[in-house]
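Note sheet for the following structure.
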């Protein structure tokens, strides 16, 4: 894949030193900026590769492996997808999105680990509770949730995406209870329980001194309790193949990909974004920000060190996942529609299978690229570095 004409790293390298000089940044944001600036450059070292079949040779610089870096997610995404491939069940999957109101954004920014953790907890408990209720589905479901904190304009917009099985095991585990083909659970019921659970959890955390908030939190929560919250449920994916196709484009996103960057003119950065609030069909627009504002918005989405942004629940919870999946497949096989048969290997691909497209020679497409020389890291002092 050719390198984009403009990368987040280019913006950080040109304008990052001035931004750091004007702002006092937490350590994780300083490390994030340094990682992106040096990713796949001589500063991190690398190696020389030569094709086993033709004279083609290339230099491959090491990646920073930072989860916020736009260039470091491809291989990790493929590894994650291979692990999920063996866990998919032959059933439709639904996509449910839980979003917190804008009035809670400042609180979330000051207390990222606590608020984002409660967002995961409240959304998961909402799905498990409503799905288990006999008035709705009456089943034990499985799902995983992914935290995104950004909108297309790079402003703070914390929300959780949950990919949910379109049905679940009966309480006694003897049969599979499928939801309606185009309907999972009532979004109005989900939204109201989610609102109550999250607001109660925030108040408890505040009372225990686990949240930093100037002033009293109770009046804000009381106002939010009177408003309708939004939970969005998208149409079902269909079978496992559609789920993997979706996940491959979605799970390891960062705040903005390099493909959306258009130009950097002086201290101005221009990028594409999708305006979801637009009432007409022309949603794709361009936005121009100062480089400092672009960097500020990007850094809004740096997560606390060690924070887990993909979590598994219900039938997919780690403790009994393999046992649950084996039992679900056994139950599902009794009434499995042919259209949902699982066209996937139950065994994840090995590391060599994942790396094969990367190691194949781009010139002759026959030979394999083999390492012939190691390049030691060059010290980076914020100056121009080789990123070729």
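How many residues are under 15 Å from residue 330 (Cα atoms) and not in a strand (DSSP E or B) when one looks only at region 167-185? Final tally of qualifying residues: 5. Checked against (1) more than 30 Å from residue 168 (Cα to Cα); (2) out of contact with any strand residue (DSSP E or B) (no Cβ under 8 Å at 6 or more places or on another chain); (3) in a helix (DSSP H, G or I), residue 82 passes all but a single condition, namely (1). Looking only at region 95-114, residues that are more than 17 Å from the chain's Cα centre (by Cα), outside any loop (DSSP other than H, G, I, E, B) and in contact (Cβ under 8 Å) with a residue 60 or more places away in the chain come to 6 in all.
Among the listed residues 67, 13, identify the single one that is within 23 Å of the chain's Cα centre (by Cα) and either modelled with pLDDT under 95 or assigned to a helix (DSSP H, G or I) (or both). Testing whether each residue is within 23 Å of the chain's Cα centre (by Cα) and either modelled with pLDDT under 95 or assigned to a helix (DSSP H, G or I) (or both) leaves just 67. Can you say whether residue 202 is within 25 Å of the chain's Cα centre (by Cα) and over 16 Å from residue 165 (Cβ atoms), as far as the supplied structure shows? Yes, satisfied. For residue 313, the requirement of being in contact with a strand residue (DSSP E or B) (Cβ under 8 Å, 6 or more places away or on another chain), in the same structural domain as residue 162 (by TED's automatic domain parsing) and assigned to a helix (DSSP H, G or I) is not met. Exactly one residue out of 208, 217 is more than 24 Å from the chain's Cα centre (by Cα), under 29 Å from residue 112 (Cα atoms), in the same structural domain as residue 331 (by TED's automatic domain parsing) and without any contact (Cβ under 8 Å) to a residue 40 or more places away in the chain, and it is 208. Restricting attention to region 27-56, the residues that are in contact (Cβ under 8 Å) with a residue 12 or more places away in the chain and not in a helix (DSSP H, G or I) total 14. Does region 130-140 contain any residue that is touching a residue at least 24 places away in the same chain (Cβ under 8 Å) and within 26 Å of residue 298 (Cβ to Cβ)? Within region 130-140, not a single residue is touching a residue at least 24 places away in the same chain (Cβ under 8 Å) and within 26 Å of residue 298 (Cβ to Cβ). On inspection, residue 171 qualifies as without any contact (Cβ under 8 Å) to a residue 60 or more places away in the chain and assigned by TED's automatic domain parsing to the domain that holds residue 106.
Right, residue 261: touching a residue at least 60 places away in the same chain (Cβ under 8 Å) and within 26 Å of residue 7 (Cα to Cα) or not? When the stated conditions are applied, residue 261 passes them. As for region 159-166, it holds at least one residue that is part of a loop (DSSP other than H, G, I, E, B) and crowded, with 18+ Cβ neighbours inside 10 Å.
Can you confirm whether residue 58 is exposed (fewer than 15 other Cβ atoms within 10 Å of the Cβ), in contact with a strand residue (DSSP E or B) (Cβ under 9 Å, 6 or more places away or on another chain) and within 29 Å of residue 11 (Cβ to Cβ)? It is true that residue 58 is exposed (fewer than 15 other Cβ atoms within 10 Å of the Cβ), in contact with a strand residue (DSSP E or B) (Cβ under 9 Å, 6 or more places away or on another chain) and within 29 Å of residue 11 (Cβ to Cβ).
The residues of region 129-141 that are crowded, with 19+ Cβ neighbours inside 10 Å, touching a strand residue (DSSP E or B) at 6+ places or on another chain (Cβ under 8 Å) and part of a helix (DSSP H, G or I) amount to a single one, 131.
The values are calculated or read from the model by the stated rules, or taken from the named source; none is laboratory data. Predicted, not measured: the structure shown is a model, and the values here were computed from it. Quick reminder, even Gly has a Cβ in these numbers, built from the backbone with ideal geometry, and neighbours come from all protein chains shown.
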